[in-house]
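The values are calculated or read from the model by the stated rules, or taken from the named source; none is laboratory data. Quick caveat, the model's predicted, so the values are computed rather than measured. Every residue, glycine among them, receives a Cβ derived from its backbone with ideal geometry; neighbour counts consider all protein chains shown. For accessibility, only protein heavy atoms count, side chains too; no ligands or nucleic acids. Shrake-Rupley method; radii C 1.70, N 1.55, O 1.52, S 1.80 Å.
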Amino acid sequence: MRFFASARHILLACSALGLGASNLAYAANTGKTAEPTAIKRYLGDSDMPFSRAVQAGDFLFLSGQIPLNEKGEIIRGSIEDQTNATLDRIEETLKLAGADFSHVIKATVYLSDIALYEQFNKIYKERLGSNFPARSLVQAKLAGGVDVEIEVQAWMGAQNSPAKH
C-alpha cells in the first residue's frame, strides 16, 4: 500500500509541476476518469465508410491516399504521375487541417511492385524536401489497380488541437 500512496503523491507532484501525467494524477486524486481528448473528423469526398483524416488531440491521421484527380477519378500513367497525384491529395488533406508536409512524422507507402521503388523514391524525395518522416514501404495489391497508396500521420502541436465538444 505504501508503494501506491507514494506513486499517487509523485503523480500529483508531477501534475503540479507540469511534468506530464496530469490526467493520471487527476484520476488518482479524485477517483474520476480524465476527460477524453477531442476528436475532429475530416470527411472524404466519396461515400466510402471512412474519414479522409481524423485529428485526435495533437495528432492527425490520414487514411491511405491514392492517385485521384479533383473529380475523384483514378489517375493512370507512370509511377511518377501517380506519386505526384497521391502527394497532391495528401497535401490538400493536410491543408484542410492546417498542416503541411513538415508536420508529417510517419508515412506508410504501398507499392504494387517493389520494382517501382526507385522512381517512386525520386518523386517522394523531391516533394518532401528535407522533411523526411519515419517511413515503411511494402509491396501490396492495391484497390483500383493503382501503383501507389500513401498513409501518413502528422503532429499538429498543442496550438492546433481541435475544440472540445
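Restricting attention to the range 95-133, and to residues there that are touching a residue at least 24 places away in the same chain (Cβ under 8 Å) and charged (D, E, K, R), which single residue is most open to solvent (accessible area, probe 1.4 Å)?
Among those that are touching a residue at least 24 places away in the same chain (Cβ under 8 Å) and charged (D, E, K, R), it is K122.
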### Task
Could you tell me which residue of the range 49-62 is surrounded by the fewest Cβ atoms within 10 Å (Cβ to Cβ), considering only residues that are more than 18 Å from D100 (Cβ to Cβ) and of a type outside the set (A, V, I, L, M, F, W, C)?
P49
### Task
Looking at (1) open to solvent by 10 Å² or more (accessible area, probe 1.4 Å); (2) at pLDDT 95 or above, find the lone condition where A163 falls short.
(2)
### Task
Among the residues of the range 71-80, write down those that are touching a helix residue (DSSP H, G or I) at 6+ places or on another chain (Cβ under 9 Å) and of a type outside the set (S, T, Y).
I74, I75, R76, G77, I79, E80
### Query
Can you pull out the residues in the range 63-74 that are open to solvent by 50 Å² or more (accessible area, probe 1.4 Å) and without any contact (Cβ under 8 Å) to a residue 24 or more places away in the chain?
E70, K71, E73
### Count of the range 106-143 residues which are within 20 Å of the chain's Cα centre (by Cα), within 14 Å of Q82 (Cα to Cα) and hydroxyl-bearing (S, T, Y)
2
### Message
Within the range 61-160, considering only strands (runs of 3 or more DSSP E) that don't extend past its boundaries, which have at least 2 residues that are small (G, A, S) and at pLDDT 95 or above?
### Response
134-139
